[in-house]
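The values are calculated or read from the model by the stated rules, or taken from the named source; none is laboratory data. Just so it is clear, the model here is predicted, and its values are computed rather than measured. As a convention, Cβ positions derive from the backbone with ideal geometry for all residues, glycine included, and neighbour counts pool all protein chains shown. We work out accessible area using only protein heavy atoms, side chains counted, and drop any ligands, DNA or RNA first. Shrake-Rupley method; radii C 1.70, N 1.55, O 1.52, S 1.80 Å.
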Amino acid sequence: MDCHKPTAFVLEVPPRNEPKRSAPVAWLLVERHIDFRHDAQGTLLDASICVSCQPITDRYSRNDCSKNHFHGGYTCAFNGMVSITANSLTTGEHVILENTGLQGHRIGTFLMNEIVQWVQQWPNAIVKTVSLHSDQAHGNNKERRNRFYEQLGLEFDYDDAEHKQGCSRPMLAKQLKRVETWKENITVHSMPAYLANVLHEKERNSLVLMQRNRAVKDLINEQRAAEAKPIRWALGTLYSRYQTQVVGSIFLAILAAAAWSRFHT
């Protein structure tokens, strides 16, 4: 399944509430790195995936360009086990979108959906327990965090009435739910298509800049002519305007005559 997916692509991310009327809040470069480890007989021992995203900015931008990483893992031990929060079954228990400017636009949902699709290559593998900790449950983050995991089909046994801390119940990889609400506001662009658009925009801007430079040059030449011979320049300008008005009046008269002739024939 994953061999047919590109290792790098670009996300266009407008605001989730007004995806068609607002400019993108971010353009993200997404990279997928997958590793498989086999024994001498070719039997798969374990595998891992890392899906990272990084804002695409120009070289002079001061925006945060740090990468966010989502990990997944598989091991043949225990009759097959997968993790949706770490590339190893012994590390990591939760995920987080560290760039606060990207939160709330379904980017985390997109990245996690990539992980879920990948681990479901082993549908009967047990999903490693996801642990929620109270130090993550501050402000509105608790509801966002809990909803983020629960939409995947995870059910939690919470240790407190406020649902700040708890552990997910046992389940199989095939019971995980793929969440595709990200399609409501996120568009996936292939690298060739994205680069082609960038080059096209660059060429268009270069043409506009060349036209504006030519216009500025013409204005400078006209200013110099006016400064060198102001009276001659003024008379020439008046004559040019008068000539334009005369030509325009003649053109209107011709149109009026043609209309009158058509009406009376």
Name every residue in region 171-212 that is in contact with a Pro (Cβ under 7 Å, 6 or more places away or on another chain), of a type outside the set (A, V, I, L, M, F, W, C) and not in a strand (DSSP E or B), in order of residue number.
K174, E184, N185
Tabulated pairs, region 2-16, first under 15 Å from N185 (Cβ atoms), second at pLDDT below 90 and of a type in the set (S, T, N, Q), C-beta under 8 angstrom, 6+ apart or interchain:
P14/S22; P15/S22
Just to verify a result, which residue in region 66-104, among those that are at positive phi and open to solvent by 60 Å² or more (accessible area, probe 1.4 Å), is modelled with the highest pLDDT?
N79
Of the criteria (1) touching a residue at least 24 places away in the same chain (Cβ under 8 Å); (2) exposed (fewer than 12 other Cβ atoms within 10 Å of the Cβ), which one L29 fails
(2)
Options Q136, Q151, Q165, Q175; residue that is modelled with pLDDT under 90 and either within 24 Å of the chain's Cα centre (by Cα) or surrounded by 12 or more Cβ atoms within 10 Å (Cβ to Cβ) (or both)
Q136
Please verify whether K142 is over 20 Å from V51 (Cβ atoms), of a type outside the set (A, V, I, L, M) and either touching a Ser or Thr at 6+ places or on another chain (Cβ under 7 Å) or surrounded by 14 or more Cβ atoms within 10 Å (Cβ to Cβ) (or both), treating the condition exactly as stated.
yes
If you check A173, A196, which single one turns out to be free of Cβ contacts under 8 Å to residues at least 24 places away in the same chain and small (G, A, S)?
A196
Run down E203, E162, E155 and say which single residue is charged (D, E, K, R) and touching a Lys or Arg at 6+ places or on another chain (Cβ under 6 Å).
E155
